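The values are calculated or read from the model by the stated rules, or taken from the named source; none is laboratory data. These numbers were taken from a predicted model, which means no experiment stands behind them. Glycine gets a Cβ as well: all are built from the backbone with ideal geometry, and neighbour counts include every protein chain shown.
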Amino acid sequence: MRGRRIGAAAMAAFSVLGAAGCGIAGADEVSLADKDRLVIGVNKDQPGVGLRTAGGGYEGFDVDVAREVARRLGVRAADVTFKEVTSATRQRMIRGGDVDLVVASYSITPDRKRQVAFAGPYYIAHQDILVRGDSPIKNVRDLRGRNLCMVQGSVSYERVTKEKGVAARLVPATGYADCFGKLTAGQVDAVSTDDLILAGLAAQTAESGGDAADRPRIVNAPISDEGYGIGLRLGDADGCVAVNKAITGMYQDGTAQRLLAKWFSPVGLKFTTTVPQFEGCD
């Protein structure tokens, strides 16, 4: 094992950058900050965010963030393994030790923080709505009585039906790629989730050409802020601090901004380029 724990001086300097306190790792468990190899959970069906390629690899903004964080933790690219996760399996795979980290459009919520720890957020996304080009839907209230895609394990549909009190009809789907297929096939009227995910989905039809009026479009009526965190084992204080330090460095040297532009400038998404306020991993 290669020691990479953050010393007291580094901890103090990092606290100035807004890191919150983290829990205490068990004495018998190895912090990810001390690992020479990492298994990182990523999505496989979110274009522009986390996508399994035809060659068997992974690509997207989250995947690039994961690689960059691993590099800044001192782990060689050859020693990073990506493993597929879904909205329904992320917590279980972290708690079971199947993955060391999860970088998968993983919104930080109070319920999730009781099961796993979060570093970051590394980006603040905004929940929005994707509809067909000819749709009359203009905002979340227009979803009342309409078919809304529901991905198990996601909190996005609950923000529409519970937090906003909109009585949409929920149509189950296995993931957001499945939601997109249901949208274009007319089986659902809308997909509501984070704007980065929606932008990646919309980009697929933009790249294929055709009549712009027929392409799915983002409504541009945000209904919430979504802090994307990096999930890790509950109580890994050293791992939390090390990952937060890596995220801070990515924003300070322009890496985060470059990756956002790489994946989302082509679809015209107005993304945030300032370092988010960290929540810590308590």
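Is it true that E158 is surrounded by fewer than 17 Cβ atoms within 10 Å (Cβ to Cβ), without any contact (Cβ under 8 Å) to a residue 12 or more places away in the chain and within 22 Å of the chain's Cα centre (by Cα)?
yes
Only one of these is of a type outside the set (D, E, K, R), crowded, with 23+ Cβ neighbours inside 10 Å and modelled with pLDDT under 95: A119, A104, A125. Name it. Before you say what the answer is, go through the steps one by one.
On the way: A119 fails: modelled with pLDDT under 95; A104 fails: modelled with pLDDT under 95.
The unique qualifying residue is A125.
So which of V85, V75 ends up being of a type in the set (A, V, I, L, M, F, W, C), farther than 21 Å from A246 by Cα and free of Cβ contacts under 8 Å to residues at least 60 places away in the same chain?
After applying the criteria, what remains is V85.
Which of the following residues is surrounded by 18 or more Cβ atoms within 10 Å (Cβ to Cβ) and over 22 Å from the mean Cα position of the chain (by Cα): V191, V166?
Numbers: V191 fails: over 22 Å from the mean Cα position of the chain (by Cα).
Answer to the check: V166.
Every residue in the stretch 63-83 that is out of contact with any strand residue (DSSP E or B) (no Cβ under 8 Å at 6 or more places or on another chain) and assigned to a loop (DSSP other than H, G, I, E, B), please.
Within the stretch 63-83, G74, R76 qualify.
For the stretch 221-237, check the following and say yes or no: at least one residue is assigned to a helix (DSSP H, G or I) and modelled with pLDDT of 90 or more.
Looking only at the stretch 221-237, we keep the residues that are assigned to a helix (DSSP H, G or I), and these are 237.
Adding the requirement that they be modelled with pLDDT of 90 or more leaves 237.
Within the stretch 221-237, one or more residues are assigned to a helix (DSSP H, G or I) and modelled with pLDDT of 90 or more.
Residue check: is L201 buried (at least 21 other Cβ atoms within 10 Å of the Cβ) and modelled with pLDDT under 95? It would help to see each step written out before you state the result.
Values: buried (at least 21 other Cβ atoms within 10 Å of the Cβ): yes; modelled with pLDDT under 95: yes.
Considered against the rule, which asks whether it is buried (at least 21 other Cβ atoms within 10 Å of the Cβ) and modelled with pLDDT under 95, L201 comes out as yes.
Which one is modelled with the lowest pLDDT, of the residues in the stretch 34-63 that are among the acidic types (D, E) and farther than 17 Å from L101 by Cβ?
D45
Listed here are the residues, each with its yes/no results for (1) in the same structural domain as E29 (by TED's automatic domain parsing); (2) within 30 Å of M93 (Cα to Cα).
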residue	(1), (2)
V166	no, no
R169	no, no
C179	no, yes
A202	no, yes
R215	no, no
I218	no, no
D236	yes, yes
N244	yes, yes
M250	yes, yes
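Being touching a residue at least 12 places away in the same chain (Cβ under 8 Å), over 22 Å from G235 (Cα atoms), in contact with a helix residue (DSSP H, G or I) (Cβ under 7 Å, 6 or more places away or on another chain) and in the same structural domain as Y251 (by TED's automatic domain parsing): is that true of D64 here?
Here the answer is yes, as D64 does meet what is asked.
Working only within the stretch 85-101, note down all residues that are under 14 Å from the mean Cα position of the chain (by Cα) and either over 23 Å from G227 (Cβ atoms) or crowded, with 21+ Cβ neighbours inside 10 Å (or both).
V85, S87, R90, L101 - these are the residues of the stretch 85-101 that are under 14 Å from the mean Cα position of the chain (by Cα) and either over 23 Å from G227 (Cβ atoms) or crowded, with 21+ Cβ neighbours inside 10 Å (or both).
Looking at (1) modelled with pLDDT under 95; (2) surrounded by 18 or more Cβ atoms within 10 Å (Cβ to Cβ); (3) not assigned by TED's automatic domain parsing to the domain that holds L232, find the lone condition where D134 falls short.
Single failed check for D134: (2).
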